[in-house]
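Notes to accompany the following structure.
The values are calculated or read from the model by the stated rules, or taken from the named source; none is laboratory data. Remember, it's a predicted structure, so these values are computed and weren't measured experimentally. With ideal geometry, Cβ positions are generated from the backbone for all residues, glycine too; neighbour counts draw on all protein chains shown. Surface accessibility is based on the protein's heavy atoms, side chains included, excluding ligands, DNA and RNA. Shrake-Rupley method; radii C 1.70, N 1.55, O 1.52, S 1.80 Å.
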Amino acid sequence: MLDVSDLSVSYGTIRAVRGISFTVGKGELVSLLGANGAGKSSTLKCIAGALKASGGLITLGGKDITSASPEQVVRAGLATVPETRDVFPDLTVGENLMLGAYIHRRDQAGNRQNLERLHTLFPRLAERSHQPAGTLSGGEQQMLVIARALMSRPTVLLLDEPSLGLAPAIVERIFEMIETLKKSGLTILLVEQNVNQALAVADRAYVMRLGMVVTSGTPDEIRATSDLSAHYLGG
Ligand SMILES: Nc1ncnc2c1ncn2[C@@H]1O[C@H](COP(=O)(O)OP(=O)(O)OP(=O)(O)O)[C@@H](O)[C@H]1O
Ligand SMILES: [Mg+2]
């Protein structure tokens, strides 16, 4: 479904991603792991069209999206939840969600239907629909940005560290929700530093270090790799 081949991303002379290759199959949940600065977010931003690749190829369902704009990528069926977890604080929860449906703005009936489905999945957002998004807790804001991404009706969802900085009970809920999304057939690429939890939900994983993929395999294979020490994964 998502095929990344020999991808490189640079910031001026800094080579953040150095020729990485990985795939995410239809309906698969793949984790991209690695310590701070490994190049995980740069990879996601490049797939999302927010950063230009300096080399390599990205295809989505066989279609070349390497040089696509962020809107073209969303229209191709790929939505991204960035690590910044940005909501529009003065807009209501409902208004924030509708912004995610921008590409379907002429299909109000479809948007209402999708919103109902998401309200079932995220009951807290339904309860707080008329409240300014800035009044939500950190965990609720994370739920909101995920739900907003789903309003574009993606086939592939990229999540950048959804558990970062959240209390353990909330992290648990986020991972349960990710599993529910996977069961619904969504294809997911999950960037995490929370290695144990990411491996618990993943079908396969890749480990990045200094802009390169150093290990890949099933969660069991990754766990069995003896050199997956703290300096790779940050503990
Ligand atoms: N805007 C930028 N300008 C210059 N260098 C950057 C920029 N963003 C990231 N980098 C550098 O690129 C490298 C990869 O960063 P990236 O944010 O992709 O890593 P990451 O794996 O997502 O890390 P983290 O776990 O901290 O989120 C790092 O060396 C980082 O300092
Ligand atoms: Mg990052």
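Assorted remarks:
- Of all residues in segment 78-116 being over 22 Å from the mean Cα position of the chain (by Cα) and open to solvent by less than 40 Å² (accessible area, probe 1.4 Å), the one that is farthest from residue 150 (Cα to Cα): 92
- Residue match in segment 44-57 (condition: open to solvent by less than 10 Å² (accessible area, probe 1.4 Å), part of a loop (DSSP other than H, G, I, E, B) and on the phi > 0 side of the Ramachandran plot): no
- Residues of segment 147-172 that turn out to be open to solvent by 50 Å² or more (accessible area, probe 1.4 Å) and small (Gly, Ala, Ser), as a count: 3
- Residue check for residue 201: touching a helix residue (DSSP H, G or I) at 6+ places or on another chain (Cβ under 6 Å), within 16 Å of ligand 1 (Cβ to nearest atom) and modelled with pLDDT of 90 or more: no
- Residue count for segment 1-18, restricted to those that are among the β-branched types (Val, Ile, Thr) and crowded, with 17+ Cβ neighbours inside 10 Å: 3
- Among residues of segment 187-196, those that are under 15 Å from the mean Cα position of the chain (by Cα) and surrounded by fewer than 19 Cβ atoms within 10 Å (Cβ to Cβ), counted: 1
- Single residue of segment 184-198 satisfying the filter (away from ligand 2 (no atom under 13 Å from the Cβ) and part of a loop (DSSP other than H, G, I, E, B)) that is nearest to residue 31 (Cα to Cα): 186
- Among the residues making up segment 1-36, those that are part of a strand (DSSP E or B) and at positive phi are 6, 19.
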